[in-house]
Amino acid sequence: MILRFRQHVTGYLHANRVNVTGNRQPPLEATGRAGITWEPHPPIGGLAVTHNSYAVHNSYPVMCRACGQAGFIGGDAPPHSCPACHSTDIRSHEELFQLSLAHVDCDAFYASVEKRDDPSIRDRPVIVGGRERGVVAAACYIARKFGVRSAMPTWQALKRCPDAVVIRPRMDHYVAIGRDIRNRMLALTPLVQPVSIDEAFLDLTGTQKLHGCSPAEALVRLQNSIRDEIGITVSVGLSGTKSLAKMASDRDKPDGFFIIGMAESRDWLAPQPVSVLFGLGKSAVARLEAAGIASCGQLVTAPADQLTGILGRRAGAIRDLAAGIDPRAVTPERDVKSISSETTFIKDLGSAAALEAELEVLCQKVSTRLKAQNLAGGRVTLKLKRPDHRILTRSQTLSSRTDKAHMLFTVGRALLAGELGGKRRYRLLGIGAEQLGPPDGVSLLDLAGDTDARQDSLEAAIDDIHGRLGQDALQSGRVFTRQHRPERDPTRQRAALEKLDEEDDGPKQDPSDNAGKTSG
Ligand SMILES: [Mg+2]
């Protein structure tokens, strides 16, 4: 039985000192304010007691990020500082002890690691990436103030921030640190779904008993252990769905802890731009905006017919996202063996120009997904299906792994060339990257005089434009001709290209498909 008595002292509720959930109560002497204590919150999972059945009038769930204390505090308003340690770094939210889905994201990961390893650059703008012809892989928060962004060509970044320290990426080093962080996450819950080297979703439902604390407190401990033992900061978003958790972690960076409650989610989302929705492709965002649907609130209230016209069959799921509904579960890591994309034509294709245009679009898609997952392929496989449904595959192993669309296309085109000519026609074309691993990092470096490096920086610039304006904003002449000059290419299959485009949009089961993701 829990005893409770009230004694108002400087506006706070003096609660009992029965320790329900563990040893989290501070000694009275430590508070510095005699008689003010934390009212421990009940174990949420095990006993199925919510704070509502336990809370008294004007009792606020509060957690201190500095000292780790958590519980209910009474008063007329949530406190401004921690009664135990006086830190103002506290979080108070109605659903603080109920929410269990989190997105954890390292802050400017590569740059933070470099600053950790070399304290002399701690207060300087740092760019991790290649010089001259390279691109920015990560920029620290000081460099970002100058407008430096990931995937920006380094020369452009240096124009904006001439004093920046440019450091060549050390991928193996980052991967090892990322693995350490991942293991700490896995110590909290087996339900860890990595999105990239430095971020993951965590589902902490049902872990309260194990940890003797709420998910929020466990996450603060994780944050503190990464900061104190690894030496970099992470931002946490806590909510009830993946989409909301991802938005929350973006909201309070660096070293943030942001909470979006389920009860407030719809109101919270209403004024936000549709681009915040996790899993919504860039081209879908552009189409919504073109139709005058700029905010989540507008998306929720838009006529169903109009949304279906813009978003196709995913309209319902996307509208749900905008209303705070996201049924996607956190699915633990599974090894990705290959990343591929294929398309079936309405009419069989035989011309090199048409097939190459299709291949280029597919390579772009595969490349986007590789980059989003921080993976690169060491082997490229071309897949063709003949009119009689017989499948033909041709593969080539690369000298070094790549995530670049132009490299995939070069190899794929060479493989395709051997299968063209005569009366040969195909009903399906696909391209895949296998033997996946982290990118070799070569593409980020400046290789003077190397045409690949030139192609790489061109591709980075194209990625940047696609990221900001959608995939249709910039097209190669090959793809443009195929899409816009049907009279010159009677075999053009507009429907096939549109089908591809649709695959890009809408919420996906796999958040790692989220295109345009860059480190940081
Ligand atoms: Mg990050």
Tell me, please, whether a residue that is closer than 24 Å to P194 by Cα, touching a Leu at 6+ places or on another chain (Cβ under 8 Å) and assigned to a strand (DSSP E or B) can be found in region 339-358.
-> yes
The lone condition V135 fails out of (1) surrounded by 23 or more Cβ atoms within 10 Å (Cβ to Cβ); (2) within 15 Å of the ligand (Cβ to nearest atom); (3) under 17 Å from P438 (Cβ atoms) is (2)
Scan region 204-229 for residues that are surrounded by 16 or more Cβ atoms within 10 Å (Cβ to Cβ), more than 14 Å from the ligand (Cβ to nearest atom) and not in a loop (DSSP other than H, G, I, E, B) and jot them down.
-> Q208, H211, P215, A216, E217, A218, L219, V220, L222
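So which of G292, G324, G316 is surrounded by fewer than 17 Cβ atoms within 10 Å (Cβ to Cβ) and either assigned to a loop (DSSP other than H, G, I, E, B) or in the same structural domain as L188 (by TED's automatic domain parsing) (or both)?
None of the others qualify; the one that does is G292.
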Of R179, R184, the only residue that is without any contact (Cβ under 8 Å) to a residue 24 or more places away in the chain and within 16 Å of the ligand (Cβ to nearest atom) is R179
Quick check: anything in region 102-113 over 12 Å from D198 (Cβ atoms), more than 15 Å from the ligand (Cβ to nearest atom) and crowded, with 24+ Cβ neighbours inside 10 Å?
-> no
Identify, by number, the condition in (1) within 26 Å of the chain's Cα centre (by Cα); (2) in a loop (DSSP other than H, G, I, E, B); (3) buried (at least 23 other Cβ atoms within 10 Å of the Cβ); (4) not aliphatic (A, V, I, L, M) that Q98 doesn't meet.
-> (3)
Residue check, S457 in the same structural domain as A353 (by TED's automatic domain parsing), within 16 Å of A372 (Cα to Cα), crowded, with 16+ Cβ neighbours inside 10 Å and at pLDDT below 90 | no
Look at G212 and say whether it is more than 30 Å from D320 (Cα to Cα), touching a residue at least 40 places away in the same chain (Cβ under 8 Å) and not aromatic (F, W, Y).
-> yes
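The values are calculated or read from the model by the stated rules, or taken from the named source; none is laboratory data. Since the model is a prediction, treat every value here as computed from it, not as a measurement. We place every Cβ from the backbone using ideal geometry, glycine too, and count neighbours over all the protein chains shown.
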